[in-house]
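Have a look at the structure below before the remarks.
The values are calculated or read from the model by the stated rules, or taken from the named source; none is laboratory data. What you see is a predicted model, and the numbers here were worked out from it, not measured in a lab. A quick note on method: Cβ atoms are made from the backbone with ideal geometry, for glycine too, and the neighbour counts reach across all protein chains shown. The protein model used for the area step is the full one, side chains on, heavy atoms only, and it has no ligands, DNA or RNA in it. Shrake-Rupley method; radii C 1.70, N 1.55, O 1.52, S 1.80 Å.
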Amino acid sequence: MAYENIIFEKDGNVAIIKFNRPKALNAINPDVLAEVNNALDRIDSDPDIKVLILTGEGEKAFVAGADISHMVNLSPLEGRRFSREGQSLLFRLEKLPIPVIACVNGFALGGGTEISMACDFIYASETAKFGQPEINLGIIQGFGGTQRLSRLVGKAMAKELCMTGVLISAAEAKEIGLVNKVFAPEKLWEETMKTARLLATKGKVSMRGVKHCIDRGYDLDLMSGCYLEADAFALCMASPDGKEGMSAFLEKRKPAFKGGL
Ligand code: DAK
């Protein structure tokens, strides 16, 4: 598939998906969803890719939301379909076995905040703005925003953001726990790549285990979550990378993780 709405690149073991509709501030329509889905197929079938970064082309926006010019004409059933397509893409992103970083370089509004929340964590530029302004359009979140935001920042804060529709700065987003780190605009990419490269040095089985246990365990009771963790721990014991990591420590050398079970 040739991409017109995203840019897909690889830098070593790091895959990069850039939303690429800068004239519409990278707003999301069904074509964008289809292209990202296709890029995820490629990532799934490429064992060399160890980390994914999502970002926006241009200096102004990560994603300024779902494309309002598309949504305005949707029938209720089409709206439901669009919403389900977006939701299943975000579930797919969440379930990727590799870490996914949202590198938020500008506006991340509505669907843009929702996409960033489906990533494992968010790094943001000082100039970024987050928000769930759907209420100002007479609609509500459609890509899981009411659910992920309340889990990330708590019910009351999620309600305030979704009910008022106000935008918040990157600093405020960090303060409420939505964003992990905030950087000067000229440092954002370099710092994101630095973390991506660090993540790429880790063992695949343990990385997958951490992601799986935290994501799947989050909605479970403590004991069930700990059982999940014990099983993932057992898998690490069976993996060559587990043996390699511990042997390297004992032999006072750096581990050379190769992946695989
Ligand atoms: N959709 C379409 N075009 C957009 C857009 C968007 N979300 N955001 C910006 N643009 C376009 C503008 O129309 C403008 O196009 P031209 O007039 O140049 O043709 C261009 O991008 C530049 O935008 P501005 O001229 O407005 O730039 P400013 O710097 O003045 O303002 C802004 C930037 C981000 C504050 C402003 O553009 C803005 O407020 N944009 C809308 C942000 C917004 O409301 N986002 C939330 C969208 S609703 C669902 C599925 C998903 C969702 C809901 C339901 N189901 C189907 C159930 C998700 C909903 C949303 O995300």
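Would you call Arg81 of a type in the set (D, E, K, R) and more than 12 Å from the ligand (Cβ to nearest atom)?
On the way: of a type in the set (D, E, K, R): yes; more than 12 Å from the ligand (Cβ to nearest atom): no.
So Arg81 does not fit the description; no.
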All positions within segment 23-65 that are more than 20 Å from Trp189 (Cβ to Cβ), under 18 Å from the mean Cα position of the chain (by Cα) and open to solvent by 30 Å² or more (accessible area, probe 1.4 Å):
Ala34, Asn37, Asn38, Asp41, Arg42, Asp44
Which residues, taken from segment 179-218, are touching a strand residue (DSSP E or B) at 6+ places or on another chain (Cβ under 6 Å) and open to solvent by less than 90 Å² (accessible area, probe 1.4 Å)?
Val179, Asn180, Val182, Pro185, Leu188, Glu191, Thr192, Ala196, Leu199, Ala200
Checking Ala15 against (1) within 16 Å of the ligand (Cβ to nearest atom); (2) buried (at least 18 other Cβ atoms within 10 Å of the Cβ); (3) small (Gly, Ala, Ser), which single condition isn't satisfied?
(1)
Test Ala173 against the stated conditions and say whether it is over 18 Å from Ser83 (Cα atoms), open to solvent by less than 20 Å² (accessible area, probe 1.4 Å), more than 15 Å from the ligand (Cβ to nearest atom) and part of a helix (DSSP H, G or I).
yes
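Please go through segment 136-153 and pick out each residue that is free of Cβ contacts under 8 Å to residues at least 12 places away in the same chain and open to solvent by less than 60 Å² (accessible area, probe 1.4 Å). So that I can check it myself, show each step before the final result.
Within segment 136-153, the first condition is being free of Cβ contacts under 8 Å to residues at least 12 places away in the same chain, and the residues that meet it are 138, 147, 150.
Selection gives Ser150 alone.
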Given the criteria farther than 20 Å from Ile98 by Cα and open to solvent by 70 Å² or more (accessible area, probe 1.4 Å), does Leu235 qualify?
no
